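For reference, the structure is listed below as structure tokens.
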């Protein structure tokens, strides 16, 4: 197989790994594929770091950062760029380190690190998308839709540790969750009938969000003339995927979006 053929085969494999897995065996293969892609990323990152001579440039001002028990953000940034940990999750953090180097005037390392990152940024993006996809597929094989959404939120590093724990705890309670539906002209949400469907609020997850949004549950007619449950509020969420999780009274307050 020629180099061009190997490159084409790798691209095909990468695309395939981002598609839904049809069964448990495909999921297992997908998890192995994720590990393989991570190893390939590490190998590639090491080569690119050498090309841009990060280790050599690091030595120029390494004396500015003698060892201390509590490193500063700048010393961490200098070390992180100069001594690349060639794993995609580590490389993903480089932009914030590069910003500190630029602000502090360490331009040699900043420019070399920026060139390195720009060359591999596409692969970082791919690995992040693949990690999310594999996690989502694992959740799809393990739990209800609502549980999947809550567990995804519990892994979001942008929210507080306390909030992530709350999402995980709430997810555990949704093992018997069922989608909202209209039964005998009344709205049922997660297996419970709404007492006041025209005014009662329900909790909704939007796309890959990390909050549950209060919205009003209503009954509408779909294109086939069937009565279905819909929601409305005063925020912009058009074309986003929505899941009605539960009645608002059943949702922990710390997980609810606050407006105003």
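No value in this document is a laboratory result; all are computed from the given coordinates. Small disclaimer: the values here were computed from a predicted structure and weren't measured. Glycine also receives a Cβ, built like all others from the backbone with ideal geometry; neighbour counts cover every protein chain displayed.
For the range 3-142, the relative contact order is 32 percent, taking Cα pairs closer than 8 Å that sit 6 or more residues apart in sequence and dividing their mean separation by the residue count. Between the helical axis of 73-82 and the dominant principal axis of the chain, each derived from Cα atoms, what acute angle in degrees is found, rounded to the nearest 10? The answer is roughly 70 degrees. Separation of the range 90-150 and the range 1-65 by C-alpha centroid, Å? Distance between centres, Cα-based: 13 Å. Between 0 and 90 degrees, the angle of helix 107-142 with respect to the longest Cα principal axis of the chain falls at about 30 degrees.
Only helices enter this figure: runs of n ≥ 4 DSSP H residues, each worth -39500 (n - 2.57), summed and divided by the residues of the chain, yield -16500 deg cm²/dmol at 222 nm to the nearest 500.
Considering only alpha-carbon pairs that sit under 8 angstrom and 6 or more positions apart, the relative contact order computed for the range 145-255 is 26 percent.
Candidates (1) 1.32; (2) 1.04; (3) 0.98; which is the computed Cα Rg over 2.2 N^0.38 Å? Here Cα Rg over 2.2 N^0.38 Å agrees with entry (1). Entry note, the range 78-122: relative contact order of 41 percent, from Cα contacts under 8 Å with a spacing of 6+ residues. When each of 84, 244 is scored by the number of other beta-carbon atoms lying within 10 Å, the sequence from fewest to most is 244, 84. If r is the Cβ-Cβ distance from residue 23 to residue 155 and R0 is 25 Å, what FRET efficiency results, to the nearest 0.05? In this case the efficiency is close to 0.55. Taking Cα atoms only, the orientation of helix 161-172 departs from the longest principal axis of the chain by about 40 degrees. This ranking places 101, 130 by how few other beta-carbon atoms lie within 10 Å of each, fewest first, which gives 130, 101.
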